[in-house]
1. Taking the condition of being buried (at least 21 other Cβ atoms within 10 Å of the Cβ) and within 16 Å of the ligand (Cβ to nearest atom), how many residues in segment 84-94 meet it?
2. Just to verify a result, which residue in segment 216-245, among those that are within 16 Å of the ligand (Cβ to nearest atom) and among the aliphatic types (A, V, I, L, M), is most open to solvent (accessible area, probe 1.4 Å)?
3. Pull up segment 136-160, narrow it to residues that are surrounded by fewer than 21 Cβ atoms within 10 Å (Cβ to Cβ) and part of a loop (DSSP other than H, G, I, E, B), then point me to the one that is nearest to the ligand (Cβ to nearest atom).
4. Please determine, by comparing only the residues of segment 95-119 that are under 18 Å from residue 16 (Cα atoms) and either part of a helix (DSSP H, G or I) or not small (Gly, Ala, Ser) (or both), which one is farthest from the ligand (Cβ to nearest atom).
5. I'd like to verify a number: residues in segment 183-203 that are within 19 Å of residue 150 (Cβ to Cβ) and either within 16 Å of the ligand (Cβ to nearest atom) or touching a residue at least 60 places away in the same chain (Cβ under 8 Å) (or both), how many?
6. Residues 207, 163: which one is on the phi > 0 side of the Ramachandran plot and either open to solvent by less than 40 Å² (accessible area, probe 1.4 Å) or within 16 Å of the chain's Cα centre (by Cα) (or both)?
7. For residue 189, only one of the following conditions fails: (1) modelled with pLDDT of 95 or more; (2) of a type in the set (S, T, N, Q); (3) open to solvent by less than 50 Å² (accessible area, probe 1.4 Å). What is its number?
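The values are calculated or read from the model by the stated rules, or taken from the named source; none is laboratory data. None of these values were measured; they are calculated from a predicted model. Every residue, glycine among them, receives a Cβ derived from its backbone with ideal geometry; neighbour counts consider all protein chains shown. Side chains included, ligands, DNA and RNA excluded: accessible areas come from the protein's heavy atoms. Shrake-Rupley method; radii C 1.70, N 1.55, O 1.52, S 1.80 Å.
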Amino acid sequence: MITDSSCYVIAEIGINHNGALSQALEMIRAAKLAGCDAVKFQKRTIDVVYSAEELARPRDSVFGITNGDQKNGLEFGKDAFDQIDALCRELDIEWFASPWDEGSTDFLMAYDCPYLKVASAMVTDKAFLEHCARTGRPLLVSTGMSDLGLIRRVVKTINAVGGTIACLYHCTSTYPTTDSEINLRGIQTLAKEFPDLKIGFSGHEKGLMPTIAAVALGAASVERHVTLDRSDWGSDQAASIEMDELASLVSDIRRLETVLGDGNICVYEDEKPIADKLRRNTTV
Ligand SMILES: C=C(OP(=O)(O)O)C(=O)O
């Protein structure tokens, strides 16, 4: 769960399993080994989320010859999510997903997950936001492609129907995000604007440093897309980190949490013999 004491690290598997459950299960095991708090997936009802026209568009993939063949091929159903749920329980790692339509929200509510994630793409859909909020499940809400006015309206919409926002994520929805558009100080802006909410960072940049810096700036949770192999096919692979990088990220975040300390200025016991040795006079 997201707490005040330690950054909640989410490995966003998303659709980087490329439709293969065995790959998804391997990614969960790797995320657990890396020390993540949670793994995350996406859930769509394909013919609700995409128009018939979009689905009919030609697109060659391992699943067939249309865009719809690929979208359907990437989607996991109940059997797959049952196995994901069972493995996460066995490994003791939390899991949840971002629904992209109301039916997918209801589908996910059959599982005892700690959160529903609201993707940046979904925050302008009032009926969807209200549907998610009314489930009573705490929401993790991402804010890519949004200005402060929109974010205020999103928070208000969720609050108005009694929803709970467990974390609001600063985010830029480009893949990969260029450094000049990451704008980590947005985390502080959101913290000032919403003092009662925990603020996180959902990153799509290359490398690890910005995400670690986000924690230094107060992110209570971070989310990164992960992959077994960045050169694999798929739209999210290029903006993802591989599992050894994920392990480094978690380890650096845990070190950072120690390094940040509590802010009290004091003389450490380990410094005292050094002071005795180095200070000629103690007259001040
Ligand atoms: C796209 C998603 O998230 P974000 O907007 O944080 O990238 C998601 O959670 O599915």
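1. Adding up the residues that qualify gives 1.
2. 238
3. Once the filter is applied, the top-ranked residue is 144.
4. Filtering segment 95-119 for residues that are under 18 Å from residue 16 (Cα atoms) and either part of a helix (DSSP H, G or I) or not small (Gly, Ala, Ser) (or both), the one farthest from the ligand (Cβ to nearest atom) comes out as 95.
5. Qualifying residue count, segment 183-203: 9.
6. None of the others qualify; the one that does is 207.
7. (3)
Let's see how each residue does on (1) among the charged types (D, E, K, R); (2) within 28 Å of residue 59 (Cβ to Cβ):
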| position | (1), (2) |
| --- | --- |
| 176 | no, yes |
| 192 | yes, no |
| 209 | no, no |
| 214 | no, no |
| 217 | no, no |
| 230 | yes, yes |
| 234 | no, yes |
